[in-house]
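Inspection log for the structure reproduced underneath, given as structure tokens.
The values are calculated or read from the model by the stated rules, or taken from the named source; none is laboratory data. Remember, predicted model here, so these are calculated numbers, not experimental data. Quick reminder, even Gly has a Cβ in these numbers, built from the backbone with ideal geometry, and neighbours come from all protein chains shown.
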Amino acid sequence: MVSLKGKDILDGAQFSREEIDLIMEVAKDFKKKLAEKPGGLDLLRGYVMAALFFEPSTRTRLSFETAMHRLGGSVIGFSSAESTSISKGETLEDTIRTVDQYVDLFAMRHPAIGSAKRAAEVATHPVLNGGDGAGQHPTQALLDLFTIYNECGKVDGATIVLCGDLKNGRTVHSGVDIYKHFDTKLVFVAPEQLAMPREIVEKLRAQGKTVVETTSLEDAIKDADILYMTRIQKERFADVAEYERLKGSYILTREMIERLNPNLTVMHPLPRVNEITTDVDDLPGAAFFRQAGNGVYVRMALIALVLGVI
Ligand code: NCD
């Protein structure tokens with residue numbers, strides 16, 4: 001039997017198809033249970049999760065915390081490193097070793113690639129990576145998959161367009177590692193400077209996946225089932241002028257959707273800056289706020305599974 005008990009959740013590539021299916025099944029079940037019993041469940045009474053966020057976050061931190069509370073557990077943590085001993089010079093490893101004495105699992109976000117793995121190496125409790133710099137964001141990728149199931153009914157056969165900052169966007173890096181388990185066509189739309197890293201494209205092709213790269217969002221939208229827009233990741237740019245040049249590269253409008261593909265499902269991990277105009281929001285296919293809501297069910301599933309309580 002497939003089990004995630006005791007496991008860390010560090011990147012999108014770690015999952016087998018069976019594990020992905022299990023997470024989706026459990027998330028679906030929690031969604032149903034919460035609809036029947038909005039006050040939440042009592043599975044994790046007495047359990048404590050550390051939410052250690054060294055980088056800004058709205059959805060990831062708050063949905064992790066909500067997930068833990070809805071399961072009946074509680075949360076300690078911080079939302080910036082300034083208020084912690086990191087500002088006195090403590091290392092990430094020592095902070096983790098310390099908090100490991102207090103909690104049953106960690107959800108963490110940190111600006112350095114590989115930081116969640118470093119934390120997992122010293123923690124005795126499971127570490128759930130809520131974003132490590134421009135590296136990975138596996139829990140987001142799983143809630144994105146859950147959203148596709150909910151919005152489209154199925155994943156196989158879908159053409160998924162990923163658009164924006166594919167170089168620095170960690171959600172798409174984890175996303176393709178999840179989508180590769182399905183019969184999907186992947187289309188990458190980005191300015192040349194922000195293209196999906198070569199090694200990721202080559203790995204997908206070597207695995208037999210259909211990958212198309214283009215700079216034209218309009219062409220890509222026409223045949224898409226799902227358009228996944230992303231923010232240009234300002235905080236990863238060494239050169240502000242380069243960011244200013246690229247920030248308006250792709251802007252999705254209601255007019256484009258109505259003209260090119262009225263059935264389009266539009267997703268975005270959020271926050272959006274200017275890449276989706278607000279007149280898109282009340283189209284039936286605008287799924288991005290529902291997507292943010294799905295974060296709670298998927299994170300409830302991950303927490304319960306790594307703690308081995310279901
Ligand atoms: C994303 C992130 O932090 O990587 N947001 C999120 O977790 N929902 C996307 C982004 O910041 O652009």
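What are the residues in the range 1-19 that are of a type outside the set (Asp, Glu), surrounded by fewer than 19 Cβ atoms within 10 Å (Cβ to Cβ) and part of a helix (DSSP H, G or I), if any?
Of everything in the range 1-19, those that are of a type outside the set (Asp, Glu), surrounded by fewer than 19 Cβ atoms within 10 Å (Cβ to Cβ) and part of a helix (DSSP H, G or I) turn out to be Ala13, Gln14, Arg17.
Being within 16 Å of the ligand (Cβ to nearest atom) and of a type in the set (Lys, Arg) is the filter here; which residues of the range 66-109 pass it?
Arg109 - this is the single residue of the range 66-109 that is within 16 Å of the ligand (Cβ to nearest atom) and of a type in the set (Lys, Arg).
State which residue is surrounded by the fewest Cβ atoms within 10 Å (Cβ to Cβ) when the search covers only the range 152-202 and only residues that are of a type in the set (Asp, Glu) and under 17 Å from Phe237 (Cα atoms).
The extreme case among them is Glu192.
Please state which one of Ser63, Ser3 is of a type in the set (Gly, Ala, Ser) and under 16 Å from Val296 (Cα atoms).
Only one candidate qualifies: Ser63.
Taking the criterion of being touching a residue at least 60 places away in the same chain (Cβ under 8 Å), hydrophobic (A, V, I, L, M, F, W, C) and surrounded by 12 or more Cβ atoms within 10 Å (Cβ to Cβ), would at least one residue in the range 272-286 satisfy it?
So far as the range 272-286 goes, no, none of its residues is touching a residue at least 60 places away in the same chain (Cβ under 8 Å), hydrophobic (A, V, I, L, M, F, W, C) and surrounded by 12 or more Cβ atoms within 10 Å (Cβ to Cβ).
Please specify each residue of the range 63-88 satisfying the condition of being crowded, with 16+ Cβ neighbours inside 10 Å and of a type in the set (A, V, I, L, M).
Within the range 63-88, Ala67, Met68, Leu71, Val75, Ala81, Ile86 meet the criteria.
Mind telling me which of the residues Thr147, Thr139 ends up being near the ligand (Cβ under 9 Å from one of its atoms) and touching a residue at least 40 places away in the same chain (Cβ under 8 Å)?
Thr139
List the number of the failed condition for Ala50; all other conditions in (1) assigned to a helix (DSSP H, G or I); (2) of a type outside the set (Asp, Glu); (3) under 28 Å from Pro271 (Cβ atoms) hold.
Condition not satisfied by Ala50: (1).
Output the helices (runs of 4 or more DSSP H) that fall wholly within the range 211-310 and possess 2 or more residues being assigned by TED's automatic domain parsing to the domain that holds His125, or say none.
Output list reads 288-307.
Is it the case that Ala112 is assigned by TED's automatic domain parsing to the domain that holds Lys32, in a helix (DSSP H, G or I) and within 16 Å of the ligand (Cβ to nearest atom)?
no
Kindly check whether there is at least one residue in the range 24-37 that is on the phi < 0 side of the Ramachandran plot and outside any helix (DSSP H, G or I).
For the range 24-37, residues on the phi < 0 side of the Ramachandran plot and outside any helix (DSSP H, G or I): present.
From the residues in the range 203-232 that are surrounded by fewer than 18 Cβ atoms within 10 Å (Cβ to Cβ) and polar (S, T, N, Q), which one is farthest from His173 (Cα to Cα)?
Taking the candidates together, the pick is Ser216.
Can we say Gly130 is surrounded by 23 or more Cβ atoms within 10 Å (Cβ to Cβ), within 11 Å of the ligand (Cβ to nearest atom) and either in contact (Cβ under 8 Å) with a residue 60 or more places away in the chain or not aliphatic (A, V, I, L, M) (or both)?
Against the criterion (surrounded by 23 or more Cβ atoms within 10 Å (Cβ to Cβ), within 11 Å of the ligand (Cβ to nearest atom) and either in contact (Cβ under 8 Å) with a residue 60 or more places away in the chain or not aliphatic (A, V, I, L, M) (or both)), Gly130 qualifies.
Return the residues of the range 157-179 that are assigned to a helix (DSSP H, G or I) and more than 10 Å from the ligand (Cβ to nearest atom); say none if nothing qualifies.
Gly175, Val176, Asp177, Ile178, Tyr179, listed by residue number.
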